[in-house]
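Structure first, commentary second.
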Amino acid sequence: MFIFWFSFASILLIFLLHSLVKFFNPNPRKLPLPPGSLGWPYIGETFQLYSQDPNVFFASKQLRYGSIFKTHILGCPCVMISSPEAAKFVLVTKANLFKPTFPASKERMLGKQAIFFHQGDYHAKLRKLVLRAFMPESIKNIVGDIESLAVDSLNSLEGRLINTFQEMKTYAFNVALLSILGKDEVLYREDLKKCYYILEKGYNSMPINLPGTLFHKSMKARQGLAQILAKILSKRRQMKLQHNDLLGSFMGDKEDLTDQQIADNIIGVIFAARDTTASVLTWILKYLGENQSVLQAVTVRIPLSQFNYLDFLYLQSGDLENDCSWLLVLASQEEQESIRQSKEKFLRWEDTKKMPMTSRVIQETLRVASILSFTFREAVEDVEYEGYLIPKGWKVLPLFRNIHHNPEIFPGPEKFDPSRFEVKALIIIFLAEIFVV
């Protein structure tokens with residue numbers, strides 16, 4: 001008996017020692033962790049993060065440690081990355097090594113079968129179905145309907161003092177429903193809106209599912225959304241009609257998604273589309289209001305015949321800021337004239353391909369505003385990057401704003417300048433047009 005207990009104690013001791021060594025030295029290859037500080041035990045540097053502008057916190061860390069560094073925030077050890085190459089490594093090239101991660105309460109609220117919370121074959125299948133619903137063949141027939149929603153929204157604002165972001169959220173919600181449910185959305189819009197708005201209010205609440213709490217109300221609204229979607233699914237199956245919207249794409253899957261999987265992903269798509277789209281639209285309005293030359297470039301049609309040789313001399317003045325403003329105005333002429341000539345009652349898919357100036361305004365807004373400052377990923381195994389170890393289970397945060405505001409990539413990063421995306425092309429094309437005039 002003594003030998004048995006001695007052997008048992010020895011095995012247990014070896015196991016404990018091995019566990020301790022593994023805990024304190026998770027890196028047998030001796031790769032160093034990225035530079036940086038983990039702060040205090042458990043709380044890490046969370047207080048430092050929230051005691052100042054988070055962008056300032058991350059920028060100061062990047063300045064001190066470089067484009068990859070470690071920290072400890074929100075109860076998690078993290079590796080921050082702030083270069084385009086590193087972001088591509090995590091999000092594209094080696095995406096299989098990093099999984100999206102969300103708090104458990106968010107999974108319950110949006111639905112555990114939503115695309116955000118999965119990897120592998122299931123994620124790939126959902127991604128294919130979502131992309132199929134947003135291919136040109138699917139959305140080109142609703143471009144006019146989207147414009148109609150925009151016109152109706154603008155008309156409803158006349159004579160009112162408004163909160164721009166809230167109005168843009170309403171518009172983005174309506175467009176999201178149109179993309180998901182097609183023209184059937186008008187039949188369910190108000191019921192879905194009522195439930196979703198309650199769900200949204202509790203998204204960042206404490207996950208306490210007791211009567212009276214925001215989280216409890218949100219979970220009940222979540223059930224209401226699922227019930228409405230179940231009715232829509234039942235009706236479509238009875239009618240046996242083909243639909244080119246997102247719901248039709250999900251229902252047409254040969255492997256048959258369950259109703260729960262469909263509902264979870266529909267709610268997830270609404271969540272993903274609404275606030276971010278509304279934020280971008282709000283920032284676009286702000287930047288256009290502050291930059292009248294850009295506003296004129298995307299909205300006003302001025303005949304090229306109004307420009308003369310003096311305009312060409314002005315463009316050669318050497319004042320780059322003014323030169324770019326005039327180039328923006330000149331660039332808009334072809335865009336506006338082309339759309340004006342082909343415009344019928346509503347915009348068509350072909351018209352949206354004739355808006356290079358508008359596209360550049362959107363690109364520059366996405367860069368300057370950086371709606372998503374960062375995103376969370378989690379390493380599913382030990383990963384080596386640029387000679388550093390990213391341990392399994394650590395969070396990895398690509399810092400989009402730091403990339404977008406890097407002066408080495410975007411000179412004068414704080415300036416709103418859509419021409420930065422295609423200045424050379426503008427000069428070549430539109431100086432030639434002035435010579436013709």
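Reported count of residues in region 376-422, each being among the hydrophobic types (A, V, I, L, M, F, W, C) and either touching a Lys or Arg at 6+ places or on another chain (Cβ under 6 Å) or free of Cβ contacts under 8 Å to residues at least 60 places away in the same chain (or both), is 6. Could you tell me whether any residue of region 86-107 is over 30 Å from residue 218 (Cβ atoms) and among the polar types (S, T, N, Q)? Checked region 86-107: at least one residue is over 30 Å from residue 218 (Cβ atoms) and among the polar types (S, T, N, Q). Taking the criterion of being at pLDDT 85 or above, open to solvent by 60 Å² or more (accessible area, probe 1.4 Å) and over 15 Å from residue 260 (Cβ atoms), the residues of region 110-131 that qualify are 121, 127, 128, 131.
The single condition among (1) under 30 Å from residue 210 (Cβ atoms); (2) assigned to a loop (DSSP other than H, G, I, E, B); (3) among the aliphatic types (A, V, I, L, M) that residue 257 does not satisfy is (1). Criterion applied to 434, 409, 362, 429 was being part of a helix (DSSP H, G or I), open to solvent by 50 Å² or more (accessible area, probe 1.4 Å) and modelled with pLDDT under 90, and the one residue passing it is 429. Of everything in region 365-397 that is out of contact with any Leu (no Cβ under 7 Å at 6 or more places or on another chain), open to solvent by 50 Å² or more (accessible area, probe 1.4 Å) and outside any loop (DSSP other than H, G, I, E, B), the residue that is nearest to residue 151 (Cα to Cα) is 366. Scan region 262-271 and tell me whether some residue there is modelled with pLDDT of 85 or more, surrounded by fewer than 18 Cβ atoms within 10 Å (Cβ to Cβ) and closer than 23 Å to residue 107 by Cα. No, there is no match, as no residue in region 262-271 is modelled with pLDDT of 85 or more, surrounded by fewer than 18 Cβ atoms within 10 Å (Cβ to Cβ) and closer than 23 Å to residue 107 by Cα. When region 9-34 is limited to residues that are open to solvent by less than 40 Å² (accessible area, probe 1.4 Å) and modelled with pLDDT of 85 or more, the one that is farthest from the chain's Cα centre (by Cα) turns out to be 31.
Number of residues in region 41-86 that are in contact (Cβ under 8 Å) with a residue 60 or more places away in the chain, in a loop (DSSP other than H, G, I, E, B) and more than 19 Å from residue 405 (Cβ to Cβ): the value is 0.
Against the conditions (1) in a helix (DSSP H, G or I); (2) out of contact with any helix residue (DSSP H, G or I) (no Cβ under 7 Å at 6 or more places or on another chain); (3) modelled with pLDDT under 90; (4) not aliphatic (A, V, I, L, M), residue 107 satisfies every one except (2). Within region 228-250, restricting attention to residues that are among the aliphatic types (A, V, I, L, M) and surrounded by fewer than 19 Cβ atoms within 10 Å (Cβ to Cβ), the residue that is modelled with the lowest pLDDT is 241.
When residue 203 is tested against the conditions (1) assigned to a loop (DSSP other than H, G, I, E, B); (2) open to solvent by 60 Å² or more (accessible area, probe 1.4 Å), the lone failure is (2).
The values are calculated or read from the model by the stated rules, or taken from the named source; none is laboratory data. This is a predicted model, so every value here is computed, not measured. Reconstructed Cβ throughout: ideal geometry from the backbone, glycine too, with neighbour counts over all protein chains shown. Please note that ligands, DNA and RNA were not included when accessible areas were found on the heavy atoms of the full protein model with its side chains. Shrake-Rupley method; radii C 1.70, N 1.55, O 1.52, S 1.80 Å.
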